[in-house]
Amino acid sequence: PAKYDTVEEDVSKPLLVYCPGIDGSSLSILPHIKDLNKKFRLRSIVVPPGDFSNWYEIVKVIHQQIQEEQKVQNSNQTVHVFGESMGAITALFLADQFPDTISSVAILNSATSFSKTSSRTFWQFLA
């Protein structure tokens, strides 16, 4: 199932949970980690290849991991969620299902600009 990838441990900072795009990796956030760590404890969701969990299962796992971290850290710091591409859907769904846990949501490229990508040309070729 989806899992947390721990990056920053300073419990005085608010928590930022990153939900990656369709590849399930966190590669696209790597160049930004240094700057994000200045203000947030960063956690990234990693969905392993071959994991076919549905939205409910993934969001439930993320929520459980947030709760476990808050318990271990003895912290009720604010939790922000950042979703990129298909991860935006995960982020919005997480906030919808657990509004008492999630303080804010930011989304980037919310899987709506597919027609402007090079992948579009590839898929048209296959069709």
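Every read-out reported here was derived from the displayed coordinates using simple, explicitly stated rules and does not represent laboratory data. Since we're looking at a predicted model, the values are computed, not measured. All Cβ positions, glycine included, derive from the backbone under ideal geometry; neighbour counts span all protein chains shown.
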Charge context of A88, other residues only, Cβ under 15 angstrom, K/R +1, D/E -1: -3
Backbone HN-Hα couplings from phi across segment 87-93 [Karplus 6.51/-1.76/1.60, Hz, Gly and Pro as x]: x, 5, 5, 4, 4, 5, 5
Residue-wise HN-Hα coupling along segment 29-41, computed from phi with Karplus coefficients 6.51, -1.76, 1.60 (Hz; x: Gly, Pro): 8, 3, x, 9, 4, 4, 5, 5, 5, 5, 10, 9, 8
Built amide H within the under 5 Å cut-off of T78, gap 5+: L15
Potential extension, T78-V46 segment - 0.36 nm per residue separation minus Cα distance: 9.4 nm
Calculated from backbone phi, Karplus (6.51, -1.76, 1.60) coupling profile of segment 9-23 in Hz, x at Gly/Pro: 10, 6, 6, 7, 8, x, 8, 10, 9, 9, 10, x, x, 4, 6
Theoretical FRET efficiency, 1/(1+(r/R0)^6), r = Cβ-Cβ of K71 and I22, R0 30 Å, to 0.05: 0.45
Where only alpha carbons of segment 43-102 are counted, the Rg and the Dmax (Å): 11.7, 34
